[in-house]
Amino acid sequence: MKVAGFTFIRNAVKNDYPVVEAITSILPVCDEFVVALGNSEDNTEELLKGINSPKIRIIRTVWDESLREGGAVFAAETDKAFAAISPDVDWAFYIQGDEAVHEKYLPVIRREMEDNLADTRIEGLLFKYVHFYGSYDYYAHSRRWYRREIRILRNNKNVHSYRDAQGFRWAGRKLNVKLIDAYIYHYGWVKPPKGLGNKVRNFNQFYHDDSWMIENMPQTFEFDFKNADRLLPFTDTHPAVMQRRIRAQNWQLEIDPVAIKKKLSVRRGILQKIEDWTGWRVSEYRNYKIIKS
């Protein structure tokens with residue numbers, strides 16, 4: 001069994017993306033790793049080369065900045081990285097520049113890839129998610145945050161990244177996947193207020209035109225942590241690769257999780273209770289089809 005990791009990145013230093021941690025968190029289960037490095041204005045290439053692994057192969061790309069509807073440029077860059085994976089690879093492990101996998105899940109992930117290799121019904125493996133928010137001590141958990149997404153897929157070049165690179169499709173249809181007992185830790189919303197303000201402005205420029213940005217995201221835009229919906233304390237451990245970043249955290253999350261929860265509408269509150277009690281998320285959007293073993 002041969003496994004390739006793949007990702008895309010641009011301006012990781014400027015935007016403070018933990019892309020080194022993302023890559024190194026899954027590198028132990030990969031035989032090769034393809035990075036689509038976009039035209040950056042900082043030292044992202046030096047950052048990637050600093051990982052110093054013979055598994056890593058960098059391909060240089062130029063982002064099409066005319067793709068400003070629905071984050072389509074992210075899918076385009078994902079496809080470039082996926083297309084560059086060696087043809088003899090069996091499984092492709094996708095990770096974004098603000099995600100990481102805890103080392104405790106690596107044996108589970110490898111076993112699932114091995115056990116499902118011969119089962120051609122399974123076109124991908126579905127991961128659970130933890131979305132950290134505001135600090136490393138809290139995670140967001142509500143209907144506003146997706147619970148699962150495909151992060152491992154077969155090396156099938158008919159498959160393409162979907163919409164803004166959140167998932168994958170084959171000729172427009174959803175992939176048949178197996179849900180595995182492993183998590184992706186998402187750190188994209190762990191920044192101080194000013195950093196998140198910059199992130200949101202940068203992010204939205206790949207979704208909206210200039211007039212929308214001027215009206216909704218002025219230079220004076222300030223991020224409001226209170227839009228989390230529901231925050232829960234995180235009591236487990238973070239991946240070893242994230243420990244340096246966590247030790248360097250230099251801000252306090254000045255927010256009251258109880259006050260945030262009280263802002264939930266009655267309808268959303270009832271739906272959340274149903275999910276908490278039963279594990280069923282009513283009318284959940286699923287960009288995949290789960291295959292039962």
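The values are calculated or read from the model by the stated rules, or taken from the named source; none is laboratory data. Values in this document were obtained by computation on a predicted structure and should not be read as measured data. Cβ coordinates were reconstructed from backbone atoms using ideal geometry, including for glycine residues, and neighbour counts include every protein chain displayed.
When you go through 86, 53 one by one, which is the residue that is farther than 23 Å from residue 198 by Cβ, touching a strand residue (DSSP E or B) at 6+ places or on another chain (Cβ under 7 Å) and of a type in the set (S, T, N, Q)? Talk me through it step by step, then tell me what you get.
Working: 53 fails: touching a strand residue (DSSP E or B) at 6+ places or on another chain (Cβ under 7 Å).
Residue meeting the stated conditions: 86.
List every residue pair whose Cβ atoms sit under 9 Å apart, with the two residues 6 or more apart in sequence or on different chains, where the first one lies in segment 27-44 and is touching a residue at least 40 places away in the same chain (Cβ under 8 Å) and under 14 Å from residue 63 (Cβ atoms) and the second, anywhere, is crowded, with 22+ Cβ neighbours inside 10 Å and acidic (Asp, Glu).
Cβ pairs passing all conditions: 36/77.
Modelled with pLDDT under 95, among the aliphatic types (A, V, I, L, M) and either under 19 Å from the mean Cα position of the chain (by Cα) or closer than 30 Å to residue 228 by Cα (or both), is that true of residue 130?
Details: modelled with pLDDT under 95: no; among the aliphatic types (A, V, I, L, M): yes; either under 19 Å from the mean Cα position of the chain (by Cα) or closer than 30 Å to residue 228 by Cα (or both): yes.
Taking the combined requirement at face value, the residue does not satisfy it.
Only residues that are within 19 Å of residue 245 (Cα to Cα) and buried (at least 16 other Cβ atoms within 10 Å of the Cβ): list them for segment 23-46, please.
Listed by number, the residues that qualify are 23, 24, 25, 26, 27, 44.
Looking at segment 101-123, which of its residues are more than 30 Å from residue 16 (Cα to Cα) and touching a residue at least 60 places away in the same chain (Cβ under 8 Å)?
Answer for segment 101-123, where residues must be more than 30 Å from residue 16 (Cα to Cα) and touching a residue at least 60 places away in the same chain (Cβ under 8 Å): 112, 113, 114, 116, 117, 121, 122.
Does residue 264 fit the bill of being at pLDDT below 85 and surrounded by 15 or more Cβ atoms within 10 Å (Cβ to Cβ)?
Yes.
Within segment 77-86, is even one residue in a loop (DSSP other than H, G, I, E, B), under 17 Å from the mean Cα position of the chain (by Cα) and at pLDDT 95 or above?
No: segment 77-86 contains no residue that is in a loop (DSSP other than H, G, I, E, B), under 17 Å from the mean Cα position of the chain (by Cα) and at pLDDT 95 or above.
Could you list, in sequence order, the residues of segment 145-169 that are over 15 Å from the mean Cα position of the chain (by Cα) and within 15 Å of residue 286 (Cα to Cα)?
Across segment 145-169, the qualifying residue is only 169.
Kindly list the number of the only condition in (1) of a type in the set (Val, Ile, Thr); (2) part of a helix (DSSP H, G or I); (3) surrounded by 22 or more Cβ atoms within 10 Å (Cβ to Cβ) that fails for residue 20.
It fails just one condition, (3).
Name every residue in segment 47-74 that is in a helix (DSSP H, G or I), modelled with pLDDT of 95 or more and either surrounded by 15 or more Cβ atoms within 10 Å (Cβ to Cβ) or in contact with a Phe, Trp or Tyr (Cβ under 9 Å, 6 or more places away or on another chain) (or both), in order of residue number.
Of everything in segment 47-74, those that are in a helix (DSSP H, G or I), modelled with pLDDT of 95 or more and either surrounded by 15 or more Cβ atoms within 10 Å (Cβ to Cβ) or in contact with a Phe, Trp or Tyr (Cβ under 9 Å, 6 or more places away or on another chain) (or both) turn out to be 47, 48.
Does any residue in segment 72-100 that is of a type in the set (Phe, Trp, Tyr) come within less than 6 Å, Cβ to Cβ, of a residue that is surrounded by fewer than 22 Cβ atoms within 10 Å (Cβ to Cβ) and in a helix (DSSP H, G or I) six or more places away or on a different chain, and which pairs are these?
Here the result reads 91/113, each pair linking segment 72-100 to a residue that is surrounded by fewer than 22 Cβ atoms within 10 Å (Cβ to Cβ) and in a helix (DSSP H, G or I).
State whether one or more residues within segment 44-60 are among the basic types (Lys, Arg) and over 27 Å from residue 88 (Cβ atoms).
No: segment 44-60 contains no residue that is among the basic types (Lys, Arg) and over 27 Å from residue 88 (Cβ atoms).
How many residues does segment 87-130 hold that are hydrophobic (A, V, I, L, M, F, W, C), in a strand (DSSP E or B) and out of contact with any Cys (no Cβ under 8 Å at 6 or more places or on another chain)? Break it down into steps so the answer makes sense when it comes.
Here is the first cut: in segment 87-130, the ones hydrophobic (A, V, I, L, M, F, W, C) are 89, 91-93, 95, 100-101, 106, 108-109, 113, 117-118, 122, 125-127, 130.
Going one step further and asking which of them are in a strand (DSSP E or B), we end up with 91-93, 100, 125-127, 130.
Of the ones still in play, those that are also out of contact with any Cys (no Cβ under 8 Å at 6 or more places or on another chain) are 91-92, 100, 125-127, 130.
Matching residues across segment 87-130 total 7.
Which residues, counting only those in segment 148-174, are more than 19 Å from residue 3 (Cα to Cα), outside any strand (DSSP E or B) and either touching an Asp or Glu at 6+ places or on another chain (Cβ under 7 Å) or without any contact (Cβ under 8 Å) to a residue 60 or more places away in the chain (or both)?
Selection gives 166, 171, 172.
Identify, from the list 195, 188, the residue that is closer than 29 Å to residue 236 by Cβ, touching an Asp or Glu at 6+ places or on another chain (Cβ under 8 Å) and assigned to a strand (DSSP E or B).
On the way: 195 fails: assigned to a strand (DSSP E or B).
The conditions single out 188.
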